[in-house]
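Let me begin by presenting the structure, written as structure tokens, before commenting on it.
Any read-out appearing in this document is the output of simple, stated calculations on the displayed coordinates, not a laboratory observation. Given the structure is predicted, the values throughout are model-derived calculations rather than measurements. FYI the Cβ positions are ideal-geometry reconstructions off the backbone, even for glycines, and counts take in every protein chain you see.
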Amino acid sequence: MSLHVHQRAADFHAACEAVRRRGGRIGFVPTMGALHEGHLKLCDAARARANSVAVSIFVNPTQFGPNEDFARYPRTLERDLEACKSRGVEHVFTPSVEEMYPKNDRTRVRVEGLTEGLCGPKRPGHFEGVATIVAKLFLAAGPCLAIFGRKDYQQLKVIERMARDLLFPVTVQGHATIREADGLALSSRNVYLSPEQRNTARQIPAALAAAVRRFAAGERRAAELRGPVEARLREAGLRLDYVELRGPDELDAIEDSAEVGERALLAVAAFAGSTRLIDNVVLGEDPAPEGAPE
Ligand code: PAF
């Protein structure tokens, strides 16, 4: 299967339409490039459920804050295209900023509620940028199955709700977080980590794995599930943005004084040096991250 690269939304849309006219289904994987095995596993999952896999590669400026890493975000297009080819991707959409944000654009998509906690207050404007670009990407792709990693759990919930609320003809599906052998969640930002920071970062999946084991052993007190994660990460020398328990669907806060129900999101955002890492497990749903130190 040959790889077709499109820069224009209209061309990408026409290519996806042609697949649908032949009776095919598009499996769509939106990305910001710097593709790693995690992205490629999403492509494999898309191929298993659809006839033709489409990937978008676009470093979206509106989801980065003024002090974030937009300028230095890794851009590896040639390598990304090779990787797509090797995984049977048929269409890649690599638009310019001008294509996605026409001069004087004034339109933004905001999802309320779900964006008010966790990364929302830490990264003002981030989810508005994500919802806006994903809405545009969905319009460009047309009816499809779109796959997103669960590492960005809040993002997944925001996109699911946006697609539902705005009646997009898109089925949004989450895919299990893909991890390194030592448990660290794959992320394009892992390349920023020094060997020492990388070693410290392994404590994140390790702490989440310990929480999964405590939950499996019957612990339901929020403080006893959340507190040890926070303590372990602080002790390891990570600077914490948050360690929180939340309802897994509406992302409503679960106080330390409460007990968790059948399922609960345990989410972490922490800095190793200047690199912000996020990870999570849904207690009662996800297995303990494998490979992490005890
Ligand atoms: O997760 C990402 O790579 C990005 O946030 C996304 C969904 C492609 C939107 O730019």
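Entry note, the chain: relative contact order of 17 percent, from Cα contacts under 8 Å with a spacing of 6+ residues.
Sorting 206-215, 103-112, 280-289 by their mean Cβ neighbour count within 10 Å, with the most densely packed peptide first, gives 206-215, 280-289, 103-112. Projecting label points 7 angstrom from Cα along Cα→Cβ for residue 294 and residue 249 puts them 3.8 nm apart.
For the chain, the longest principal axis of the Cα atoms and the long axis of helix 9-21 meet at an angle of about 90 degrees. Ordered by the number of other Cβ atoms lying within 10 Å of each residue's own Cβ, fewest first, 257, 2, 187 fall into the sequence 2, 257, 187.
In Å, the Kirkwood hydrodynamic radius of the chain over pairs of distinct alpha carbons? Display every interim value, and only then the final one.
On the way: mean 1/r = 0.0505 Å⁻¹.
In the chain this quantity evaluates to 19.8 Å.
If the elastic network links every pair of Cα atoms under 10 Å, which of 74, 66, 248 fluctuates the most in the Gaussian network model of the chain? Between 74, 66, 248, it is 66 that shows the largest mean-square fluctuation.
Averaging the sequence gap over all C-alpha pairs within less than 8 Å and six or more residues apart, then dividing by the number of residues, gives segment 132-269 a relative contact order of 17 percent.
Taken about its Cα centre, the chain carries a charge dipole of about 760 debye when Lys and Arg each add +1 at the Cβ and Asp and Glu each add -1 at the Cβ. Contact order, relative form, for segment 108-199: 26 percent (alpha carbon pairs under 8 Å, 6 or more residues apart, mean separation divided by residue count).
Each label was represented as a point 7 Å from its Cα along the Cα-to-Cβ direction; for residue 37 and residue 234 these points are 3.4 nm apart.
Relative to the longest principal axis of the Cα atoms of the chain, the long axis of helix 126-141 lies at roughly 30 degrees. If you line up the long axis of helix 153-165 against the longest principal axis of the chain, both from Cα atoms, how many degrees apart are they, to the nearest 10? For 153-165 against the chain, the angle is about 50 degrees.
Cut-off is 10 Å between beta-carbons; in what order do 153, 242 appear when sorted fewest neighbours first?
Values: 153 25, 242 15.
In order of increasing Cβ crowding within 10 Å: 242, 153.
The ranking of 41, 85 by Cβ neighbour count inside 10 Å, starting from the fewest, reads 85, 41. Rounded to the nearest 0.05, the FRET efficiency derived from the C-beta distance between residue 194 and residue 85 at R0 = 41 Å is 0.80. Taken over the C-alpha atoms, segment 140-269 has Rg and Dmax values of 16.5, 48 angstrom.
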